[in-house]
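Below is one structure, written out as C-alpha cells, with a few remarks after it.
The values are calculated or read from the model by the stated rules, or taken from the named source; none is laboratory data. Note that this is a predicted model, so its numbers are computed, not measured. Positions of Cβ are generated from backbone atoms using ideal geometry, with glycine treated the same way; all protein chains shown enter the neighbour counts. With ligands, DNA and RNA removed, areas are computed over all heavy atoms of the protein, side chains included. Shrake-Rupley method; radii C 1.70, N 1.55, O 1.52, S 1.80 Å.
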Amino acid sequence: MMHRPWHRSLIKSGTRVFLGGSLAHVQDWFPGLSIVRKEDRGYVRYRGANVASLVGMDRLRERSGEMIYIVGSGPSIRDCDLSGVESDTAILLNGAIRLAGERISEPLAVAIEDERFVWRHNHMMREKIAPGSLCLFSVSVLRALCEIDRGWLGDKTVILIDDIRRPYGARRRSLEDLKKLPYVQMDAAGSTGLSLVPDRGVFVGGSVAVSTLQFALYCAHRTIGFLGIDISNAREPRFYETSGNTAFSGIARAEGRIVEHFVLARKMAVERGVSLVNYSPVSALLKYDFGYDDRFALRA
C-alpha cells in the first residue's frame, strides 16, 4: 500500500501561491500530463508520450442497456446478494472494483475521481481493472497513474471526468460563467448543478457517485439503481476494509452537498422518464424520500 507522496502537497501549495486561485487546479495535471480532445475522441499524453486512448460519453451510452447500477463501497454491500446484477450494467466506484470478476462478473465501467485512492490502492486497481475496461477517470487520477506506471493505461479505454468548475487547461469558472452554459442545470442558489453533456464537464459534488450519476443520466434508458451508496455510515469501514485498516473518508461531512445533487438528479430523471432506485437500507437518501427496494437483500 502506498500513500500520496509528500511532493504532491508542495505542488498543491505552489500552484495556489504562484498561479492564484483561478488556476490552482493546474496541480491536477502538473507535471507532465496533457490531454488532447478532438470531438468524441482523443488521447492522454504523459511527458511527451501517448499513454491512453480517450473516448467520449457515447461509448458508455452504446454499452448501456435498460438498467444502470452505480455501485459504491458502503458497508451495506456486505449484506447484498449481487448475483442478480446483470453483465455490463454496473459502474463500480473506487473500492467497489474489488467486486469485479467475483460478485459482479462483468462491470459496465469503473469510476475513480480522487487520486488518493490511486496511491492507496494501486495494487487493487492492477488486479481488478482488466484490459479493455471502460474507465471514468479524473485528470488527477490519470496523472497519479502515470506517475506510478505510465504504461498501465495503454490497454484501457478512458472517459474523462472533468470538473466543470475547474476544467482541464482553463481557469476556474465563476458562478456567472456556469449559469451561461447551455448544457447545465442548477438550483436557484447556484450551489448545486448537473451537466447535461458530461463530456464538457461534470459538477463535482463530494463523491465520485455525483459525477458518475451525471454520466448515467445521459446514458440511462429506464432505471438507475444505487447499491452501496450509503453516505450515512461513511465513518464505518467500507465493505472491503477492517476496523483497524480504514482510509479517511470525507463523505460524512459532505453528506448535504452529495444529497442535494441526488435530489436535483431525481428531478431531471423524472423529466426524462428515468427512475432512480435505492437498494441500500441504510442510505442517507432514505431521509429524502428515495425509498428502499430490497431486491438485492440477502435472504435467510
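When R238 is tested against (1) within 22 Å of R253 (Cα to Cα); (2) open to solvent by 10 Å² or more (accessible area, probe 1.4 Å); (3) touching a Leu at 6+ places or on another chain (Cβ under 8 Å), only condition (3) is not met. Scanning segment 61-104 for residues being more than 23 Å from E127 (Cβ to Cβ), touching a Ser or Thr at 6+ places or on another chain (Cβ under 9 Å) and in a loop (DSSP other than H, G, I, E, B) gives a total of 3. Among residues of segment 167-184 that are without any contact (Cβ under 8 Å) to a residue 40 or more places away in the chain, those with a beta-carbon under 6 Å from a residue that is of a type in the set (S, T, N, Q) at least six positions away or on a different chain give the pairs V184/S195. Scan segment 9-26 for residues that are assigned to a helix (DSSP H, G or I), free of Cβ contacts under 8 Å to residues at least 40 places away in the same chain and open to solvent by less than 60 Å² (accessible area, probe 1.4 Å) and the total you get is 4. Segment 128-220 holds strands (runs of 3 or more DSSP E) entirely within its bounds, and those carrying 2 or more residues that are buried (at least 22 other Cβ atoms within 10 Å of the Cβ) and within 16 Å of the chain's Cα centre (by Cα) map to 134-138, 157-161, 193-195. Screening segment 27-41 for residues that are surrounded by 13 or more Cβ atoms within 10 Å (Cβ to Cβ) and modelled with pLDDT of 95 or more and picking the one that is farthest from V139 (Cα to Cα) gives G32. Out of the residues in segment 42-60 meeting the condition of being open to solvent by 20 Å² or more (accessible area, probe 1.4 Å) and at negative phi, tell me which one is farthest from the chain's Cα centre (by Cα). Looking at the filtered set, the residue picked out is A49. Restricting segment 279-300 to residues that are of a type in the set (A, V, I, L, M, F, W, C) and not in a helix (DSSP H, G or I), the residue that is least open to solvent (accessible area, probe 1.4 Å) is F296.
Taken over segment 110-127, residues that are assigned to a strand (DSSP E or B) and over 14 Å from N94 (Cβ atoms) amount to 0. Restricting attention to segment 27-41, the residues being at positive phi and either under 20 Å from the mean Cα position of the chain (by Cα) or in a strand (DSSP E or B) (or both) number 0. Within the option set I91, I112, I97, being of a type in the set (V, I, T) and in contact with a Lys or Arg (Cβ under 8 Å, 6 or more places away or on another chain) holds for one residue only, I97.
Among the residues making up segment 264-278, those that are surrounded by fewer than 15 Cβ atoms within 10 Å (Cβ to Cβ) and either at pLDDT below 95 or not small (G, A, S) (or both) are K267, V270, E271, R272.
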